[in-house]
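For reference, the structure is listed below as structure tokens.
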Amino acid sequence: MKFHCLFRLLSPVALCLFITNVSSAQSWSRAADSGYLALNEQYWSTTDQYYVHNNSGNVSFDYWWNAHAADVLVDGYERTRNKAYIQQLDRLLNGMYKKNGNKWRNDYYDDMEWLALAMLRAYDVTRTPRYKALAEELWAMIKPGWTDVAGGGVMWMIRTPHSKNACSNGPAMIIAARMYRLNRQQEDLDFAKKIYAWELEHLVNPENGTVWDNMTEKDGVRKVNTTPRMVFTYNQGTWLGGALELYTLTKDRSYLEQALRTATFVVNDTARFSPDGILKGEGHGGDAGLFKGIFIRYFTQLILQGNLDASTKTHFVQYLRNNGKSLLGKGIKRPEYLFETTWRQQPPGAQQDASIQLSGIMLFEALCRLDKKSL
């Protein structure tokens, strides 16, 4: 895959040396390009056309990781307008469809939701009918995931109707709001509001605005999983992202206040979420490798679209820049240009999961968007 003339001319070693010697404020775009280059060199299956699990022989197909790969390819195209990103996106979609058994339906509702979100963004920036059609096809399969078990909410998995998770409700809320913006069907806006109300009542910690992972109901008994280690960054991101969408559509400031409450806690919580002001690592790979990047995506949208006061916006922007500087200076294994999951130290070896690489790209793309808006 070809991206820019610069990357066709420089070797990986020279490329990394070039980026290292550029000041942080100027290097986000180059860092994002290098992250994509490593993603394609280390994880892309040229035979089956999807991103494999890791760069050390595990070629497992992760539906939802590849959905986020689609999202970051949209990021790259939106920033550069280089059609190579869209060509890669189309190859990836073809590969995903085949690896998923020549269908888009998945047992996990959140997996389909991540892809629907990527397709909505792809349609937004390209106006390609294929992307809109796929988003609508996925949305039709997602909506029946809402049931009355546990008082409502979208199921996490088709075979676990008793489990209602933040990861299947936050993204669904965002999709519903964006579908309303796209097609102006009142039922989609009503659905977004319904998901918001359910999640606020059942999964949002009233003490600090953070989001718990899941709620179950068995034999009429409901239980919310409030285990601290199960409070994940990506659930904070999709919650504030959904609240932001509803604020944007309705101008009801209660939605914005909820988004700000959650975001502010994550940024300021140095004991757990942001030690030393840097977003925490969650595990050493696997699904958790993607969590931070998802938070960053929706946190950045809050900065750009949330009508924040000057002090809050400055605080949030500086937080993102500090994360970027830490990853750029400490958390990249060169010359491979592989990202570390903690963003605070170099990876111990060359083996990494694709999920971690995707989160790093999301961070650098977020910083590019802030630079574009001169923030």
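The length gained on full extension between Val59 and Glu257, counted as 0.36 nm times the residue separation minus their Cα-Cα distance, comes to 67.0 nm. Working from label points 7 Å from Cα in the Cα-to-Cβ sense, the Gln185 to Asp148 distance is 2.3 nm.
With viscosity 1.306 mPa s and temperature 10 °C, the Kirkwood radius over alpha carbon pairs of the stretch 44-145 converts through Stokes-Einstein to a diffusion coefficient of 116 µm²/s.
Listing Thr238, Thr248 from fewest to most neighbouring C-beta atoms within 10 Å gives Thr248, Thr238. Overall, the stretch 238-333 carries a charge dipole of about 340 debye about its Cα centre when +1 sits on the Cβ of Lys and Arg and -1 on the Cβ of Asp and Glu, all other atoms neutral.
Note on Gln351 and Lys194: the extension gain reaches 52.3 nm, defined as 0.36 nm multiplied by sequence separation minus the Cα-Cα distance. Across all Cα pairs in the chain, the calculated P(r) in 20 Å bins from zero up to the longest distance comes to 30, 61, 9, 0 percent per bin. The fewest-to-most ranking of Leu240, Leu138 by surrounding Cβ atoms within 10 Å reads Leu138, Leu240. If I build a Gaussian network model for the chain, linking alpha-carbon pairs within less than 10 angstrom, which residue out of His202, His284, His53 has the largest mean-square fluctuation? Greatest mean-square fluctuation among the candidates belongs to His284. In this label model, Lys223 and Asn94 are separated by 4.8 nm, measuring between points 7 Å along each Cα→Cβ vector.
Full extension of the chain between Lys373 and Arg127 yields a length gain of 86.3 nm, computed as 0.36 nm times the residue separation minus the alpha carbon distance.
For the chain, the membrane-span-like helices by this rule, meaning whole DSSP H stretches whose C-alpha atoms cover at least 15 Å of axis and whose Kyte-Doolittle mean is -0.5 or above, are 109-126, 129-142, 166-183, 233-250, 253-268, 291-305, 354-372; this says nothing about an actual membrane.
Readers should treat all values here as calculations from the given coordinates under stated rules, not as data from a laboratory. Note that the coordinates shown come from a computational prediction; the quantities given were computed from them, not determined experimentally. Here Cβ is always computed from backbone atoms with ideal geometry, including for glycine, and neighbour counts include all displayed protein chains.
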